[in-house]
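What follows draws every value from the coordinates through simple rules; no lab data is involved. What you see is a predicted model; the values in this text were computed from it and never measured. We place every Cβ from the backbone using ideal geometry, glycine too, and count neighbours over all the protein chains shown.
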């Protein structure tokens, strides 16, 4: 199964979860998602998602000067973003439970 | 948004993606490309990434066209039309062009700092306005209700309120009352600036206004040398003593001695020195061999060449010359008085004349 197709539906949730853990900038979000195991996540997908969430009021942004390189645009969750994260997490739990059940039923049937 | 230096390969990749986004509105394209530029700069700096090679960038990020397509899809933007951008894209609005300038990008890089500075400034201005109404609006700590302690507490409360309001605005948590407070606060702060500015201007106006105001102090020649004394001669070439000098606004003209001479000023009938009576006796400060200061001999009047005045001009009355029917009424009577000599215990009587009455 192509993991990138699965990711498309849950990338918002993954990005919100990463930023909920700590405010972060684009490059760092990509890095943290990959370190968490989402190795197939595309750079462009993350940046597009960040922009869309920001435009939708789920994220705020601020610039942090960096001595080592360009200034970094950090993103943080807004109240709306936290609400969206909580709501998406509930949906994901139900969805995952449903799939677990389906997979489990299939497995039992196979056995 | 930030400015950064890219490797040639990264710059080429950025340009290629830009070409793929050329149908998007100017500001949207600028935002997407800024993010990509920052990302490429971070890749350039990462030790484990070799981005000098364009092929390596393609391997990591994908080719520019798929990258741009993926970016559009995830950002919720329309895909590029088959024909690409319109042949003659409309000129972006002025606002978009300003946003695209390097100056805007530089300032925008400090948006967070500017925002926080504004929050603090509006709190201080609001406090100053309250202090101006109720007490003393002087800096650094204004007195509110006559108390600097209350002023300190007020500054603290204003700062807390301003930052809380700012954070709510930032998070999109303000309701219409919060927005009204923000707009009203900005208006009040603006009025406060104007009011404080007007106060300062009025203060200066009071200082220099009218003949009874403060005395102008000090004059300089055009070459920057201070004028320390005035010598007035009549039409016959006689040096006048105890001449009272006023400027065009009727303010006494007072000169400074700049501390290099002992100045003996004519005094009025009560013994008080008259600061605008000239010439002043000046005695240079000299140093004795044992290191003590003492007043030297009085400086003589300067050697001057007096022009011969037109005799007809000397006969012109004040009424003709100045348009006033009566001579000025004297308010000060100068008596033969002592001169003040701080460096010596002796006093010297100088010739003094009463002004015409």
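Only Cα pairs within less than 10 Å get springs; with that Gaussian network setup on chain A, which residue of A:44, A:36, A:96 has the largest fluctuation? Maximum fluctuation in the GNM of chain A, among the listed residues, is at A:96.
Angle of helix A:79-110 to the longest C-alpha principal axis of chain A, folded into 0 to 90 degrees and rounded to 10: 30°. Note on the stretch A:1-88: Rg/Rh from C-alpha atoms, Kirkwood Rh, equals 0.97.
Residue by residue along B:108-118, Cβ atoms of other protein chains within 10 Å of the local Cβ number 3 on average. Short-range pairs are left out: with C-alpha atoms under 8 Å and at least six residues apart, the relative contact order of chain A is 26 percent. For the residues of A:35-46, the average number of beta carbons from a partner chain within 10 Å of their own beta carbon is 4.
For residue A:101 and residue B:60, a Förster radius of 35 Å and the Cβ-Cβ distance give a FRET efficiency of 0.35, rounded to the nearest 0.05. Averaged over peptide B:28-40, the number of partner chain Cβ atoms lying within 10 Å of each residue's Cβ comes to 4. Straightening the chain between residue B:149 and residue B:11 buys 43.9 nm, computed as 0.36 nm per residue apart minus the Cα-Cα spacing.
The angle between the Cα long axis of helix A:3-21 and the main principal axis of chain A comes to about 50°, on a 0 to 90 degree scale. Against the empirical 2.2 N^0.38 Å (N residues), the stretch A:29-76 has a Cα radius of gyration ratio of 1.26. Can you tell me the orientation of helix A:26-35 relative to chain A, as the angle in degrees between its alpha-carbon axis and the longest Cα principal axis, to the nearest 10? Helix A:26-35 and the main axis of chain A meet at about 30 degrees. Working ranking of peptides A:13-20, B:73-80, B:114-121 by packing, defined as the average number of other Cβ atoms within 10 Å per residue, highest first, is A:13-20, B:73-80, B:114-121. Here the spin labels are modelled as points 7 Å beyond Cα on the Cα-Cβ line, and at residue B:121 and residue B:96 they lie 3.0 nm apart.
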